[in-house]
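What follows is one structure encoded as structure tokens, with my remarks underneath.
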Amino acid sequence: MAHLILVPTPIGNLADITLRALDSLKNADVIAAEDTRHSQKLLHHYNIEKPLVRLDAHTIAERADGVLSRYERVAFITDAGTPGISDPGSELVALALKRGDTVEVLPGATAFVPALVLSGLMTARFTFEGFLPRKGTSRQERLETIATSTATSILYEAPQRLKDTLQDLLKTCGDRPASVSRELSKLHETTYRGVLSEILDQLGSNEVKGEVVIVIAPTSNEKEAIDFAKEAERLHEEGLAGRDLREALAALGAPRNLAYELSVKLK
């Protein structure tokens, strides 16, 4: 039986690694990495020499079982931050638990927490959306979920798609407060704040570089979100269910994903 340790690594500044993380890497029998070439820089910086194997989204299914069977202590690192957050670490954990291996997750660096605090928006309740689907109905449904959320929403986005995503958020959510943080913990760390249109103006035509975290304020109309639930109950009492209930809620202006959730709840 293997012992899998998920080891957070710095999101930018190499000094942000913890002493416990370094100790776990030094005592591992093997280090599995999302990108071995990228992770080798970190290991060389701290003079850590261990067998290094690649385990990414394309290789976990075929390689992970063999790695966990061969080595007793397996440390897993991703390109940056805590493994399992918007990367294949979650698949590795699921496989290890299915095998009966023990899993340990170390606390450490992650990008969305400092971005949330830097935003100046509400931190008491928030949802982490990760990366949005790039297109299609699934993307629009996620955007509508954010638009009706009564909690602060946090997204990751690639720099080349940032402005398009901000435009989509502006169209779906309205011109609400938000922030965009880039290059967190690095020399050129920057956070833009304001309503979405102001952030787009601040970015202008400049090319955006580095990893990006978007933080969106919750809807200010919490009553409206609650009213859809009440309308669903009323329509259900009148005999509507399933697709008929979803279509009736959509006609009232409910986002498609919310209409679906309410119809399932009242099934």
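None of the figures in this text is laboratory data; all of them are computed from the coordinates on show. Treat the numbers as computed from the prediction; the structure is a model and nothing was measured. Don't worry about glycine lacking a Cβ; one is built from the backbone with ideal geometry, like all the others, and counts go over all protein chains shown.
Assorted remarks:
- Positive-end residue of T145, L106, L95, charge dipole of segment 86-181 with Cβ unit charges: T145
- Pair L252, E198: separation of 7 Å Cα→Cβ label points (nm): 3.5 nm
- DSSP bridge orientation in the chain - percent antiparallel, rounded to nearest 5: 45 percent
- Based on C-alpha pairs under 8 angstrom that are at least 6 apart in sequence, segment 3-105 has a relative contact order of 42 percent.
- Footprinting exposure proxy ranking of I214, I48, fewest other C-beta atoms within 10 angstrom first, gives I48, I214.
- The mean sequence separation of alpha-carbon pairs under 8 Å and at least six residues apart, normalised by the residue count of the chain, gives a relative contact order of 18 percent.
- Calculated FRET efficiency for the pair T59/S205, C-beta based, R₀ 51 Å, to 0.05: 0.85
- Applying the Kirkwood pairwise sum to the alpha-carbon positions of the chain produces a hydrodynamic radius of 20.7 angstrom.
- GluC sites (Glu not before Pro), loop per DSSP, at most 15 other Cβ atoms within 10 Å - longest free stretch of the chain: 73-188
- Length-normalised contact order for segment 175-216 - Cα pairs under 8 Å, 6+ apart - percent: 50 percent
- Computed log₁₀ I(q)/I(0) - Debye formula, equal Cα scatterers, no solvent, segment 79-119, q 0.30 Å⁻¹: -1.04
- Spin-label pair K230/T102, simplified geometry with 7 Å Cα→Cβ offset, distance in nm: 5.3 nm
- Relative to the longest principal axis of the Cα atoms of the chain, the long axis of helix 162-173 lies at roughly 30 degrees.
- Using only alpha carbons, segment 132-267 has a radius of gyration to Kirkwood radius ratio (Rg to Rh) of 1.08.
- Segment 26-128 - charge dipole about Cα centre, Lys and Arg +1 at Cβ, Asp and Glu -1, debye rounded to 20: 140 debye
- Distance between segment 150-200 and segment 110-126 - C-alpha centres, whole angstrom: 12 Å
- Antiparallel DSSP beta bridges within segment 3-105, as percent of all bridges there, nearest 5: 5 percent
- The share of C-alpha pairs in segment 3-105 whose separation exceeds 25 Å stands at 9 percent.
- Taking 7 Å steps out from each Cα toward its Cβ at T36 and R139 produces label points 3.5 nm apart.
- Around the Cα centre of the chain, unit charges on the Cβ atoms of Lys, Arg, Asp and Glu (plus for the first two, minus for the last two) sum to a dipole of about 300 debye.
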